[in-house]
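Asks: Could you have a look at this structure, given as structure tokens, before my questions?
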Amino acid sequence: MINPKLKIDHIHLKVSDLEKSLQFYQSILGFKIVRQESKTVFLSSSGSRDSTMCLVVLSELKDSNVSIIQHKAREAGLYHFAILLPKRRYLKYFLKHIQKNLNPEYYEGMADHEVSESIYIHDPDFNGIEIYIDRDPSEWKWNDHTVHMVTEPLNVNDLLKESIEVDNEEWNELPSDTSIGHVHLHVSNLALAKNFYHEILQLNHTATYPGAYFFAANRYHHHIATNTWLGENIPPAYSDNNRPGLDHYGISLQNQNDLLLLKNRFLEFKIDIDEDHVIENDNQFSSSFYAYDFDGIKIQFLSNNHKK
């Protein structure tokens, strides 16, 4: 089985206006620039120049004259990616921050999922973003490999009463131990998605919603979610490479041996892999490869000890 220390490493997005997106990711979310190369910017939760620490990568499309209608295309790809904060008080700071500073057109909603508490927004290209905290795993309710999750209103009043460690502390930047907790994808068929993420990638199928499956390594609620809420048999992700949205997301395994085992498993199942065009490879990853799920969604696989 796949190593339980699997996690989501980073998200790489294609954007229509890099300057506008960068302003959003810095001023609203609190990301810091790790480095910038031409039309690509690497963002982190800290201002470190360590290029191995990026959580989000933004690349501007070659043709930036993309209409707003194209952003909402019904095709496989990103529903949202989720930024996991280390403590509940940071979610309080973020909520107070967006109440003052977020343009209402970017606001999506809030929810209590019992395993977690979440705030949903989208960026200027309609890439969905969840900002959330996990409740203590001891509070999660499991039935064998299935975890109980719901979608209920977030108790905002209770969140705003969350104790703080410093008086009048405000949201200025992402805390240093922020991570990408999970990704949620639009797919064309749940059975095909389960075949890839559960049968081949060997993640646990942890929950089922109407029109959605959730998958995770170890005893996490989900690292990857898939849904058919745009409808079944939607076009694959690679149908238009010049559209804002997900370029790829990264999955990190524990070590190089796990990476090799997974590569061989993909080859056994005749899953195409690409080791020749890993764009971060020169500066960030000493070894990694791309693979594509059955909807053409690109995934970069790397190891936890990939950092040079």
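Asks: Note down the relative contact order for the chain as a percent, whole number, built from C-alpha pairs under 8 angstrom at least six residues apart.
Replies: With pairs under 8 Å counted, the relative contact order is 23 percent.
Asks: What is the local net charge at residue 193, summed over the other residues whose Cβ is closer than 13 Å to its Cβ (Lys, Arg +1; Asp, Glu -1)?
Replies: -3
Asks: Find me the longest stretch of the chain that has none of the exposed GluC sites (Glu not before Pro), where exposed means in a DSSP loop (not H, G, I, E or B) with at most 13 other Cβ atoms within 10 Å.
Replies: After excluding every exposed loop site, the longest remaining stretch is 1-164.
Asks: Specify, per residue and in Å³, the volume enclosed by the convex hull of the alpha carbon atoms belonging to segment 120-235.
Replies: Hull volume normalised by residue count: 161 Å³.
Asks: Which semi-axes, in whole Å and largest first, does the equivalent ellipsoid of segment 187-227 have when worked out from the alpha carbon gyration tensor as the square roots of 5 times its eigenvalues?
Replies: 15, 12, 6
Asks: From the P(r) of segment 78-154, could you give the percentage of C-alpha pairs in the tail past 20 Å?
Replies: 34 percent
Asks: Calculate, for the chain, the solvent-accessible area per residue in square angstrom, rolling a 1.4 angstrom probe over the heavy atoms of the protein chains.
Replies: 46 Å²
Asks: So which trypsin sites (Lys or Arg not before Pro) in segment 101-186 pass both tests, a DSSP loop state and at most 14 other Cβ atoms within 10 Å of the Cβ?
Replies: Those satisfying the criteria are 141, 161.
Asks: Taking a temperature of 10 °C and a viscosity of 1.306 mPa s, what whole-number D in µm²/s does Stokes-Einstein yield for segment 171-273 with Rh from Kirkwood over alpha carbon pairs?
Replies: 102 µm²/s
Asks: Between residue 138 and residue 62, what is the spin-label point distance in nm, taking each point 7 Å from the Cα along the Cα→C-beta axis?
Replies: Using points 7 Å along Cα→Cβ, the separation is 5.6 nm.
Asks: Taking every DSSP beta bridge that has both residues in the chain, what percent is antiparallel when rounded to the nearest 5?
Replies: In the chain, approximately 75 percent of DSSP beta bridges are antiparallel ones.
Asks: So which trypsin sites (Lys or Arg not before Pro) in segment 216-276 end up in coil per DSSP with only 16 or fewer other C-beta atoms within 10 Å?
Replies: Answer in residue order: 219, 270.
The values are calculated or read from the model by the stated rules, or taken from the named source; none is laboratory data. Predicted, not measured: the structure shown is a model, and the values here were computed from it. For neighbour counting, all protein chains shown are included, and Cβ atoms are generated from backbone atoms with ideal geometry for every residue, glycine included. Quick note on the areas: whole protein, heavy atoms, side chains included, nothing else; ligands and nucleic acids left out. Shrake-Rupley method; radii C 1.70, N 1.55, O 1.52, S 1.80 Å.
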